[in-house]
Amino acid sequence: MKILVIQQKMIGDVLASSIICSNVKLIYPKCQVDYLVYPFTVPVLENNPDVDNILLFEENYRKSKRDFFHFLLGIKKQKYDIVIDAYGKLESNLVVAFSAAKIRIGFYKFYTKYIYTETVKEISLPLTNAGSAIENRLNLLSSLRKDTKLINKPKIFLTAQEIENGKAVLKQKNIDFSKNIYMISVLGSGENKTYPYNYMATVLNEIVKETQATLLFNYMPNQEKEARKIFNFCSIETKAAINLDVVPTDIRSFLSLMYHCDALIGNEGGAINMAKAINKPTFTIFSTWIIKEAWNSFENKTTNISVHLKDFKPELYGNKSAKEMKNEAEKLYQSFVPELILPRLKEFVRKN
């Protein structure tokens, strides 16, 4: 049996949808599972025993109708028995349609009954601490699962060599392993997903004051200037605790370093999800417009804690949707002062 799973989106989404692959292997142990993703997300799938083949949705498929058509013909030739679409956009709709698979599963929309043989309505509020993003993906397997007990936590698989390499880098940079080491997700993927610089500096000052820990910054290569701005907002004591010489150069290097950290603290995003997938404690500061209930997976008040402005000031939101709040994100951030966060953060660092 050949099964195709589709998730053309960001790192956190691809990691979350990898549980579909894992559970399909539980339901059909001898099946072949192929996973269609964007190229930049591949590192979170490396060494995953539940993914037999990684198919890449290249950028040129979006730019060239001819290239996309040839790709679709290639999908058709694979003769998949089951296709599970966790993406649910036009591109993946076409992949599903061309696959001609006997079983085609996706999320319900008014037009999807013409594409899928089975549809699932997405839930907005989670029933478990896995979060609705993961629960919705598991619901795509409802008709296949039979009596199989499904797993709900994504995993990332590091090699022994990668773990050793991460430790060697930290030793080379004279990191003191007798102190706590916290990886800081210092910036989000954009301004509307980034805690204000001066507020983040206040948070970092408090972490160092409470723990005397070593702080490592995680950010994308093109964000170095912004990361240094946050560094410059910090106190003299905090600057001394931040090691700017240790910066992950890619996803796998981040993971190899994160393995040796005591926790990850900072902006919600792919780094938070990756840390959870290697069983590291996380303290997540959610963007003011992101729906927390979808992505605060496995929150337990000890090793995984998250904060959102809506937790403290729900009156600022009313009944507005996430899309409506997105345009107000930066304005709302001004109300998300560190004083709201620090009590929960102090509790987190005491326990981790």
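Here are the numbers for this structure:
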{"read-out": "Test: residue in segment 117-128 that is within 23 Å of the chain's Cα centre (by Cα), buried (at least 17 other Cβ atoms within 10 Å of the Cβ), in contact (Cβ under 8 Å) with a residue 40 or more places away in the chain and outside any strand (DSSP E or B)", "value": "yes"}
{"read-out": "Subset tally (residues that are in a loop (DSSP other than H, G, I, E, B) and either buried (at least 17 other Cβ atoms within 10 Å of the Cβ) or within 25 Å of the chain's Cα centre (by Cα) (or both)) for segment 129-144", "value": "7"}
{"read-out": "Every residue from segment 93-116 that is exposed (fewer than 14 other Cβ atoms within 10 Å of the Cβ), within 16 Å of residue 75 (Cα to Cα) and not small (Gly, Ala, Ser)", "value": "102"}
{"read-out": "Breaking point among (1) part of a loop (DSSP other than H, G, I, E, B); (2) touching a helix residue (DSSP H, G or I) at 6+ places or on another chain (Cβ under 9 Å); (3) surrounded by fewer than 14 Cβ atoms within 10 Å (Cβ to Cβ), for residue 73", "value": "(1)"}
{"read-out": "Among residues of segment 298-315, those that are out of contact with any helix residue (DSSP H, G or I) (no Cβ under 8 Å at 6 or more places or on another chain), closer than 13 Å to residue 347 by Cβ and not in a loop (DSSP other than H, G, I, E, B), counted", "value": "0"}
{"read-out": "Selected residue (only one of 28, 38, 80 is under 20 Å from the mean Cα position of the chain (by Cα) and of a type in the set (Ser, Thr, Tyr))", "value": "38"}
{"read-out": "Single match in 253, 189 (criterion: among the hydroxyl-bearing types (Ser, Thr, Tyr) and under 17 Å from residue 284 (Cα atoms))", "value": "189"}
{"read-out": "Count - residues of segment 232-286 that are polar (S, T, N, Q), surrounded by fewer than 22 Cβ atoms within 10 Å (Cβ to Cβ) and either closer than 17 Å to residue 160 by Cα or in the same structural domain as residue 10 (by TED's automatic domain parsing) (or both)", "value": "2"}
{"read-out": "Residues satisfying the stated conditions in segment 88-111, i.e. over 20 Å from residue 32 (Cβ atoms) and aromatic (Phe, Trp, Tyr)", "value": "107, 108, 110, 111"}
{"read-out": "Residue list for segment 14-41, filter: buried (at least 19 other Cβ atoms within 10 Å of the Cβ) and either in contact (Cβ under 8 Å) with a residue 60 or more places away in the chain or among the aromatic types (Phe, Trp, Tyr) (or both)", "value": "15, 16, 17, 18, 19, 20, 22, 23, 24, 35"}
{"read-out": "Qualifying residue in segment 53-61 (condition: within 20 Å of residue 136 (Cβ to Cβ) and either more than 18 Å from the chain's Cα centre (by Cα) or at pLDDT 95 or above (or both))", "value": "no"}
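The values are calculated or read from the model by the stated rules, or taken from the named source; none is laboratory data. In this text the structure is predicted, and so the values were computed from the model without any measurement. For neighbour counting, all protein chains shown are included, and Cβ atoms are generated from backbone atoms with ideal geometry for every residue, glycine included.
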